[in-house]
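So the structure is just underneath, and the comments pick up after that.
What follows draws every value from the coordinates through simple rules; no lab data is involved. Note that the structure is a prediction, hence the values are computed from the model and not measured. Backbone-built Cβ (ideal geometry, glycine too); neighbour counts: all protein chains shown.
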Amino acid sequence: MIGSGLIEEAMALYPQKQLSALQTVGYRELFDWIDGLMSKERAIELIKTNTRHYAKRQMTWFKNQSNLKWFHHPFNIDEILRYCVSFTHYAAK
């Protein structure tokens, strides 16, 4: 994230930091750094920690969704299409 320009992006978006779409992992921590509330190193450390926590919550949510079908990489397009067609036929009944 940092190496892909997140800091520059956050600085450009800083004037709109109150928008709910910017209250996410990465922006929140960098806005606090820009505001002088923490060091850049601490902001980056928190981004890493909060990203891991967010990913863990996502995986927990996905594990509890019984109606999801996982397709593993490399994707088999034929398998995905068969599933979609069978699902749409099932849903139409």
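Would you work out the charge dipole size for the chain about its Cα centre, treating the Cβ of every Lys and Arg as +1 and the Cβ of every Asp and Glu as -1, and quote it to the nearest 20 debye?
Details: 12 positive and 9 negative charges, 106 e Å.
Dipole size: approximately 500 debye.
Think of the chain as a dipole: +1 on every Lys or Arg Cβ, -1 on every Asp or Glu Cβ, centred on the Cα centre; then among 47, 84, 34, 84 lies furthest on the positive end. Could you give log10 I(q)/I(0) at q = 0.12, 0.16 Å⁻¹ for region 2-63, computed by the Debye formula over C-alpha point scatterers of equal weight, without solvent? Taking Cα atoms of region 2-63 as identical point scatterers yields -0.31, -0.53. Coupling constants for region 50-59 follow from the phi torsions by the Karplus curve (6.51 cos²θ - 1.76 cosθ + 1.60, θ = phi - 60°), and in residue order they are 5, 5, 4, 4, 5, 4, 5, 5, 4, 5 Hz; glycine and proline get x. Measure nothing fancy, just the Cα-based angle from helix 77-92's long axis to the longest principal axis of the chain, in degrees from 0 to 90, nearest 10. So the inclination is approximately 70 degrees. Amide H contacts of residue 17: none lie under 5 Å away among residues 5 or more positions distant or on a separate chain (H built 1.01 Å from N in the peptide plane; Pro and chain starts excluded).
Count charges around residue 69 for me, please; just the other residues with Cβ under 14 Å from its Cβ, Lys/Arg as +1, Asp/Glu as -1. Mind dumping the intermediate values first?
Details: positive: 63, 82; negative: 79.
Every neighbour counted, the sum reads +1.
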